Amino acid sequence: MSGGPKRVAVTSPQTRVAHARRVMRRRWRAPRLEPGEAVRARSLHRAQRRLGAVTLLLLFALVFGLPLVFAAAPVLDEVRVLGVPVSWALLVLLPFPAMAALARWQLRAAERVEER
């Protein structure tokens, strides 16, 4: 049988690419930045982190401050608008639009930081 034709595996180009990807998988490393770019990246990261902290504090103030307002002003339970207590109306109508406005503000501020 040594005189017969040699057997060759035939594969499509996609198969070879898939096998090559599997072999080339290694740990991902962040690309190295030029010194000037690294300084700018650190500055952007610091500014974004500061902005994120402010946004998070405002969110906590909204979420945890609303119950404190209700506790401090029990009269809001007694005052009614269209038969609904004002405290209920505030609880339904205030948080989600305020969170959406906060998210919009944070996004615009983050874009302004990156444009500098």
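The table for this structure:
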quantity	calculated
Those residues of the range 82-97 which are over 17 Å from G65 (Cβ atoms) and β-branched (V, I, T), in sequence order	V84
Residue in the range 15-35 that is within 30 Å of A110 (Cβ to Cβ), in a helix (DSSP H, G or I) and modelled with pLDDT under 85 present	yes
Residue count for the range 91-107, restricted to those that are closer than 18 Å to G52 by Cα and exposed (fewer than 10 other Cβ atoms within 10 Å of the Cβ)	0
Of all residues in the range 63-90 being in a helix (DSSP H, G or I) and open to solvent by less than 40 Å² (accessible area, probe 1.4 Å), the one that is farthest from R112 (Cα to Cα)	L76
Residues of the range 42-62 satisfying the condition of being over 19 Å from R108 (Cα atoms) and open to solvent by less than 70 Å² (accessible area, probe 1.4 Å)	A61, L62
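The values are calculated or read from the model by the stated rules, or taken from the named source; none is laboratory data. Keep in mind the model is a prediction, meaning the values are calculated, not measured. Cβ coordinates were reconstructed from backbone atoms using ideal geometry, including for glycine residues, and neighbour counts include every protein chain displayed. Accessible surface areas use protein heavy atoms only, side chains included; no ligands, DNA or RNA. Shrake-Rupley method; radii C 1.70, N 1.55, O 1.52, S 1.80 Å.
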